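Q: Encoded as structure tokens, here's the structure I'll be asking about.
Coordinate-derived values only; no laboratory data. What you are looking at is a predicted structure, and each value in this text was computed from that prediction instead of being measured. Cβ sites come from the backbone with ideal geometry, for glycine too, and all protein chains shown count toward neighbours.
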Amino acid sequence: MRIFLTTAAALAATPALAASGPFFSLGNTDFVVTIGFLIFVGIILYFKVPSKLMGMLDTRAAGIQKDLDEARALREEAQTLLASYERKTREAQTQADEIVATARAEAQATADQARVDLDASVQRRLAAAIDQIDSARNAAVKEVRDRAIAVATAAAGEVVAKQLTASDADTLIDQSIETVSAKLH
């Protein structure tokens, strides 16, 4: 019905109605054009071209809607993947930070242990040096004593040899033998 009214309005506004002379004559070109137009519109309506065009447009609109739905689904999937990758990136960053913190703590502990070991080594070496110094001092003192004893003995021997008589020597030898015998038994 709408098509009929549209066609009637189109015919009413044609220049054929504004032309002068008999309108319904084949000599009038406006009339012939109007008849040709009506036949053309009739053929289009007979073969249902408008409904076929509308069907094609509906099919095209459905295809576009399907493409839009597919694009929306792909977008949501991409957003899900992006969120997943961002979460994994944050987790990896957290793990990297933990590894760095652990490495720093281990390095600090190792450095502290190295300081303790170094202090202990220095203390051991210092103690060893002190022991060596004490040992060298004791050896030097013993050597000086031994030499003093040797010198004193030699000096005493000379003094005794000069002042000692044979009878005094025999008495000293006898006393020495008794002292040695008393200490050995």
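Q: Summing Lys, Arg as +1 and Asp, Glu as -1, what charge do residues with Cβ under 12 Å from the Cβ of I64 carry, I64 excluded?
A: On the way: positive: R60, K66; negative: D58, D67, D69, E70.
Net charge around I64: -2.
Q: Among L74, Q132, I99, whose Cα sits farthest toward the positive end of the charge dipole of the stretch 37-144 (+1 at Cβ of Lys/Arg, -1 at Cβ of Asp/Glu, about the Cα centre)?
A: The residue sitting most towards the positive pole is L74.
Q: Moving on. Taking N as the number of residues in the chain, what is its alpha-carbon radius of gyration divided by 2.2 N^0.38 Å? Don't skip to the end; give the middle numbers.
A: Details: Rg = 66.4 Å, N = 185, 2.2 N^0.38 = 16.0 Å.
So the Cα radius of gyration is 4.15 times the expected 2.2 N^0.38 Å.
Q: Let me test this: with uniform point scatterers at the alpha carbons of the stretch 98-185, what is the Debye-based log₁₀ I(q)/I(0) at q = 0.12, 0.16, 0.19, 0.20 1/Å?
A: Summing over Cα pairs of the stretch 98-185 leads to -0.71, -0.88, -0.98, -1.01.
Q: Choose one answer from S84, S25, S51: the residue with the largest mean-square fluctuation in a GNM of the chain with alpha-carbon springs under 10 Å.
A: S25
Q: Here is a further query. Any lysines with Cα under 30 Å of the K52 Cα? List them, leaving off those in the same chain fewer than 8 positions away.
A: K66
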